[in-house]
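Participant: Here you go, one structure.
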Amino acid sequence: MDLSPRRQINNPKPTGNLYSDDHVQGNMSRPTGKSIYMQRKEYAETLNKQSDSLNVRVEHLFTCEMDGRDVDSISDCVSKLKRLDTKGRLWSQEMILDVQGGYLVLSDIETKSELDSLPLNNIIETNAILDTCAYNSLLTLTLQERNKRIPQVYMFQCEETGVSADLDKAIQRGGQGFVEQRTQRPSDQEIFNHVLNDLEIFMSDVTAAQNEAAQNPDKKKRKSKKSKKKGAVHF
C-alpha cells in the first residue's frame, strides 16, 4: 500500500509559437485556448511514448528480519528501527536504487558499483511510511527468498515521493518497460578476458627476461664484478 502523498503537478511550459495575433495588448500577446490544448496533446503523446524509469537516491537504514515472534509486522520493524536509532546503533549508507531487468539494484553513490541486487519477484510488499520517527519518509521493501523461511524488510529513508507506486508497477511488469539509468557494467566474461590478457602480457615479459638472461650469462657476471670493483675501498 502506497501512503505517499500525490506528486505535485508541474505544468510544463509550452514550446513553439502558441500565440495568436488576434489578442494583442501593447507588447503582450496571449495564447489561445486551442493552441494550448494542441501543445498539451503533443506533450501527452510524448509522455506515452517514453519508457518508465526508476533511479532514486536513498539511504539504507536497516534490514529487519521478521522472525514471527518479536517482529511480526512492518510496525514492529519501524519500532525496532526507532529503538536502534535512539541507542545510536544504526549504521546507514546512501546509495542509488534502480530497476535493471528483473532486479532492483542497489549501487554505490560514487563508484556506481553494484552493492546488491534484489529479484523483483521476491518483493512481496512495498510501503511508504511518513512522519512516524526521526526518518520522516520511510520506504520499506519486504522480501521473501525461496531458500529463507524468514522474510526480510529493507528499510530506506527516501525523500522522493511515489517510489513505492513505481516499484509496484515494476514488480507487476517484471522490470519490463523500465529504462536502465546506469552505465552498463562489464560482464563476468569480459572481466575474465581482461584479467587473462593482462596475465598473458605479464608472462610474456617474464619469459623474455628469462631468455635474455639465459642467452647472456657473461653479461650478468661482468656487471656483478664491475659493481664490486666500484664499491671496493683502498687504504
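Derivation of every value follows stated rules applied to the coordinates shown; laboratory data play no part. Because the structure is predicted, anything quoted here is derived from the model rather than measured.
Participant: Amide H of Leu115: which non-local residues (sequence gap of 5 or more, or other chain) have their own amide H closer than 5 Å, using H built in the peptide plane?
Facilitator: Answer set, sorted by chain and number: Leu106, Ser107, Asp108.
Participant: Of the beta bridges DSSP finds with both residues in segment 52-179, what % are antiparallel, to the nearest 5?
Facilitator: For segment 52-179, the DSSP antiparallel bridge percentage is about 95.
Participant: Provide the per-residue ³J(HN,Hα) series for segment 204-209, in order, calculated from phi with Karplus coefficients 6.51, -1.76, 1.60 and θ = phi - 60°, each as a whole number of Hz, with x at glycine and proline positions.
Facilitator: Once rounded to whole Hz, the list reads 5, 5, 5, 4, 5, 5.
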